[in-house]
Structures are given as C-alpha cells and as structure tokens.
1. From the list 317, 274, which residue is of a type in the set (A, V, I, L, M, F, W, C), in a strand (DSSP E or B) and buried (at least 20 other Cβ atoms within 10 Å of the Cβ)?
2. Restricting to the stretch 277-290, name every residue that is within 25 Å of residue 348 (Cβ to Cβ) and assigned to a loop (DSSP other than H, G, I, E, B).
3. Which residues, taken from the stretch 150-178, are within 30 Å of residue 310 (Cα to Cα), touching a strand residue (DSSP E or B) at 6+ places or on another chain (Cβ under 8 Å) and without any contact (Cβ under 8 Å) to a residue 40 or more places away in the chain?
4. Restricting to the stretch 179-199, and then to whatever is without any contact (Cβ under 8 Å) to a residue 40 or more places away in the chain and in a loop (DSSP other than H, G, I, E, B), can you tell me which residue is surrounded by the most Cβ atoms within 10 Å (Cβ to Cβ)?
5. Hey, among the residues in the stretch 281-314 that are polar (S, T, N, Q) and farther than 23 Å from residue 364 by Cα, which one's surrounded by the most Cβ atoms within 10 Å (Cβ to Cβ)?
6. Out of all the residues in the stretch 229-239, is one or more over 26 Å from the mean Cα position of the chain (by Cα), among the aromatic types (Phe, Trp, Tyr), more than 30 Å from residue 377 (Cβ to Cβ) and crowded, with 16+ Cβ neighbours inside 10 Å?
7. Which of the helices (runs of 4 or more DSSP H) contained wholly in the stretch 1-108 include at least 2 residues that are over 29 Å from residue 302 (Cα atoms) and small (Gly, Ala, Ser)?
8. In the stretch 208-228, which residue that is within 16 Å of the chain's Cα centre (by Cα) and part of a loop (DSSP other than H, G, I, E, B) is surrounded by the fewest Cβ atoms within 10 Å (Cβ to Cβ)?
Amino acid sequence: MKIGLVLPNLPAYSETFFRNKILGLQQNGHEVILFVNSKPQNSNYLNCKIVRAPKLSGNKLHVAIGSLTQTLKAVFVHPKKSLSLYKLNRKDGISLKENLKNIIANQFLLTEQLDWLHFGFGTMALGRENIARVIGAKMAVSFRGFDYYVYPLKNKNCYASLFSKEVKYHVLSNAMKEGLIRQGILKENIVKITPAIDIELFEKTATPNNKTIQLTTISRLHSIKGLDYILEALSKLKNEGIKFEYTIIGDGIEKERLLFAAYQLGIKENVNFVGKLPHTEVKEELNKTDIYLQYSIQEGFCNAVLEAQAMGLLCIVSDAEGLSENVLDNQTGWVVEKRKPELLAQKIKEVMLLSSPERESIRTNATRRVQHEFNLAKQQQEFLEFYNL
C-alpha cells in the first residue's frame, strides 16, 4: 500500500513513535509519503518521499508568489480534484472565500494517489476533512492528549465535521476510545495503539541508595501537568520533616509561576528545574531517582512513565485518562486521584515505607509489563493491522 502521513514537521531522529511506525510499514513492503510543513536538510534517515506544504505566511511577496503558484496548480495541474474539493467543502457550509483559501493551501495534499491518508494529530485534519475522498484514499486520524482533550476546550465543536466523515481513528487509551464512542463514532472504527519505547535504551538499573529521597518528573511546564499539586504535596512532606529532592525535567510557559509556587510553599531549595535535557542526561537523572511522579490533570498516555517503569523506578501517577492504563495500581505502581495533593503526599510516604521485597515486586512487575506490552515490535504489528483491517 501507499500511505500518506500528515505531520507538522518531520519526526526527529530521536522521536521513536513516528519513526518506528514508518520503519515497520517500510519493512513490510508499504510505501510511506510524508506531508509536512517544513523539511530539514537532513532527512535521509527516514528514507521517505517528502512533500512540503506551501509557505503561505510571513513575507508578503513570498506569500503572493506562493499563493499564485498554488492557484495555477489548482487550475492547470489538479483541476478535477480542486473542483471536487470545492464542491465537498461547499456541502459542509464553508464560505466561498474560505473554500478558495482551503483549496490553495492544500494543493500539496492532492499530489499523490494514496491508499490511506493519515493525519498524525487530530488538529492536522481540521479543514482537510474532504481531502482523502478527493484523492480516492481511506482516511485515518490519530488523537493524542492535547488535540483531543485540550484543543476543543477553546474551540467548541471543532471536530463536528470530522466526526461526520468516514474515518478510522487511532487513539492511545481506552478512555479516549470511550470518549469517541460518546461522540457517536462506531467502536469498530476506533483502534487503540499505545505508545511504545525502545526497551534496550531503558534497561533496569541498580536500585538507588539515597539518604535523601530523590523524586523526578519529566514534563512540559503546563497547567495540565499538575505540577503545582506535586509541589503542594511535597510541602506537606517537608512540614513533616521528610527530606527529599525533586527534579523537574522540561520547560514551558508555567515556569515562572511554578518557581514562585515553590518559593511560597517553602520548598524552593528542594526543587530543581533543570529544563530540557538530552536523552542521555535524562537517563542519568532517572538512574538517581527513587520515585517517579506524573500527577497530570490530563494525559493521553505518557512515554516518560513507560521509560521510568522500564528502568525499574517506583512510579506514582494520577488517574488522568491514559495514566491509569499506563500504570496498574498496586501492581506496577500506584494511581492517585488527581487534584488531591494530600492523597499524593500520603502515597509518597507509603511508598517510602515499603519493604525491599515489596519494592522489588513492583519494580519487576512494571519492567516485565513494559517489555511485553509496550515494545516497538508489537506497536509495528498493530499499525500493520490498523491499515489492513
């Protein structure tokens, strides 16, 4: 088959999810074509044909030239497809002006004959709900945490048109699947394929022997990640005389607010905001960690939690969407009700008091489950089945 994958940018060499999917399809004889907004100079590691979207923003002269070029393509290169797209968009109630803009902006998606056109994020399909039909391809859409849970909060009914089309959906968790079913999507059109990790890169490490408890979170500094609740929980531990160091790996718009929160809560000296780190340094931090925390308000699934479990860390997570499927409560880690810092503080204390055999049992269960359920080979096979069903 020939499968077109629409992404904002080319997946970086270190981005396991898309690279593994592409490699699995190629190894099984399928051709993958990537449609992206920008193309870096070095893309040989993907071994794919890459089609770049026209640049229709920024310098006015460049925009004018780009718009004229795409208009000429619509008229002389893809006239039938452009007319078909125009008619389908009109049926969906798109105005004449927006319709013409839509046709110009999406000419690059009309260049190939495909079996599947797969939008790698739900938001990438917005305004493009009719493209697959125009080129004679089946349509697929992947939903992840932000585009499914967060984006619609500010953009009401943004997926109404999408949900009215014939689409096959890929989701990360059962919670997302159930949400789509409530939206009226047939369950046979929804397939759960969880993230996966390269097990060999996250082998189990020796158990840390820290005098001061070491806690770590890998996260964007965003309100949906629940970091303020973690800080509040840790302030309770400090008030009880418990010694700890908490490292937050990641950056984001909430950094200043979180720094001030740590100061107000009296734990500024106990919290390290280290920013984004290379993968090797992330592993070094995890090697020093006793307990890994992911106390998000919303979370599609979270690769970082899989990586932490694979390395044998004790993981405490919230019950936000995919996290309660990522970690099995009291089996491979612990799941705590979100927005309850007092409960989180209590759970951290309980974990600290576990005996060595109890800790080792959780670690072993977690490591084995990740190796069996969340490996790259299994994910590749699931995507092959996704397109062949």
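1. 317
2. Across the stretch 277-290, the qualifying residues are 277, 288, 289, 290.
3. Correct list: 169, 171, 177.
4. 185
5. 296
6. no
7. Of the helices (runs of 4 or more DSSP H) lying wholly inside the stretch 1-108, those with at least 2 residues that are over 29 Å from residue 302 (Cα atoms) and small (Gly, Ala, Ser) span 60-72, 79-91.
8. 220
The values are calculated or read from the model by the stated rules, or taken from the named source; none is laboratory data. Nothing here was measured: the structure is a model prediction, and the numbers come from that model. Please note: Cβ atoms are built from the backbone with ideal geometry, for glycine as well, and neighbour counts cover all protein chains shown.
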